[in-house]
C-alpha cells in the first residue's frame, strides 16, 4: 500500500519541545513519519470480522496464499427469496507463476460468477469474481469455494449465510453507526452501505435524518437498486454541544414495509485544556476507507486503538491526554481488502 505523513500539534504550552520551536495554540510541531503499507496478500474478502491467513502447501512451494476474514465470506442475514453478493479478489504474491485449473462450490444457495478457469497468474497478478448467496428457506447455510492449483494443491475459503424470514428489504452495513466522542465544533464522517436484499428491483425515493448534529450526504435520489445491488452514502456528525446524541437515518422505498431505519449514536466532547492534534497526508494507496489511530505510553508499544477516522479525513484530535505525559502514536490505513501494518511512530509530549 502507499504512504502518508503524520504530524502533531499541542495546546497549550510555553516551553519548547524542539530547539528553537516554541509552542503556541495550533502550531504544528516538526514531527513527521512515513508509513509503509505492505501489499495485500492473496485472497481478500470484504466484509468480514477480523483477518487471518491460510498458507497453502509448504514453504518450498509458490507462496500463493489466501488472506481472508476469520469467518470466511459471511453474507450475514439475507431475506429468503433475496440475494446478496460479495466481490472476491485473488492475487499471486509468490515468486513464480501459479496455474489455477478448476473450481468447485459447495453448499446450497451459494454460487460464483466471473471465474473463468483454467488460467495462470503471474507474480503480482490478480483476478476477481463474485460470490453469491440466495437462500430459499430460513436457516444457516455453510459452504466453500475450492480452487484447484497445480498438482494436488487446493485453495479453500468458507462461505456462510443465514436465510432470514424478515420482511426487511434493505440491508445496511454497518447495522448501526457509532461515532464515539467527537469534539464540539468539529465533525466526523462514516460511510454506510445499503443493499437490496430481494430478487426484485427496489427504488429508494426518500431519506430523512433525525438527531442533533447529524446529516446525510452523497445519496442521490431517487435511487434504483437491482437485485443484490448496493450503494453507499455518508453520515456526518457535527456536535454543537456536549453530551450524548442519538438519531436515525430512514430510507423510503417503493416497497410496502418502508421506511427502514438504522440508529446513530455519538457524543459531543468539550475540548480539554490539553490536547494533541494529529494530521497526515492521504495514503497513496487507492480505495482507503478509513484510518485507525493507535496510542501508547511507551515507544514501540504496546498500542491501543483510540479512533477510526473516515478515509476522506486527514486529521484527528486526541482530547484524552493528560498534562506532563508523553504519548506515542501510530496509524494504519484500511481498504476494502484489508488493513496495513503500523506506520512509523510519532511522539507527543504534553506540557
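The values are calculated or read from the model by the stated rules, or taken from the named source; none is laboratory data. Worth saying up front: this structure is predicted, and the values here are computed from it rather than measured. Counting neighbours? That spans all protein chains shown, and the Cβs are built from the backbone with ideal geometry, glycine included.
Observations on the structure shown:
- Residue identified as farther than 22 Å from residue 291 by Cβ, assigned to a strand (DSSP E or B) and touching a strand residue (DSSP E or B) at 6+ places or on another chain (Cβ under 6 Å) among 232, 205: 205
- Test: residue 98 is closer than 30 Å to residue 245 by Cβ and either in contact with a strand residue (DSSP E or B) (Cβ under 6 Å, 6 or more places away or on another chain) or surrounded by fewer than 16 Cβ atoms within 10 Å (Cβ to Cβ) (or both): no
- Strands (runs of 3 or more DSSP E) lying entirely in segment 245-351 (those with 2 or more residues that are more than 30 Å from residue 73 (Cβ to Cβ) and assigned by TED's automatic domain parsing to the domain that holds residue 183): 260-269, 275-280, 288-296, 315-318, 326-335, 346-349
- Residues of segment 101-120 that are buried (at least 19 other Cβ atoms within 10 Å of the Cβ) and over 30 Å from residue 169 (Cα atoms): none at all.
- Of 136, 120, 130, 157, all but one fail to be in contact (Cβ under 8 Å) with a residue 60 or more places away in the chain and farther than 30 Å from residue 247 by Cα; the exception is 157.
- Checking each residue in segment 150-197 for being part of a loop (DSSP other than H, G, I, E, B) and closer than 29 Å to residue 117 by Cα picks out 150, 151, 152, 153.
- The number of residues in segment 89-122 being at pLDDT 80 or above and part of a strand (DSSP E or B) comes to 15.
- Residue check, residue 188 out of contact with any helix residue (DSSP H, G or I) (no Cβ under 9 Å at 6 or more places or on another chain) and touching a residue at least 40 places away in the same chain (Cβ under 8 Å): yes
- Filter result for residue 136 (surrounded by 13 or more Cβ atoms within 10 Å (Cβ to Cβ) and over 30 Å from residue 316 (Cβ atoms)): no
- For segment 248-265, the criterion of a residue being more than 27 Å from residue 173 (Cα to Cα) and crowded, with 17+ Cβ neighbours inside 10 Å is satisfied by no position.
- Breaking point among (1) modelled with pLDDT of 90 or more; (2) closer than 21 Å to residue 80 by Cα, for residue 201: (1)
- Residue in segment 232-241 that is assigned by TED's automatic domain parsing to the domain that holds residue 181, free of Cβ contacts under 8 Å to residues at least 40 places away in the same chain and either surrounded by fewer than 16 Cβ atoms within 10 Å (Cβ to Cβ) or over 20 Å from the mean Cα position of the chain (by Cα) (or both) present: no
- Summed over segment 128-149, the residues that are outside any strand (DSSP E or B) and either under 17 Å from residue 91 (Cβ atoms) or touching a helix residue (DSSP H, G or I) at 6+ places or on another chain (Cβ under 7 Å) (or both) give a count of 1.
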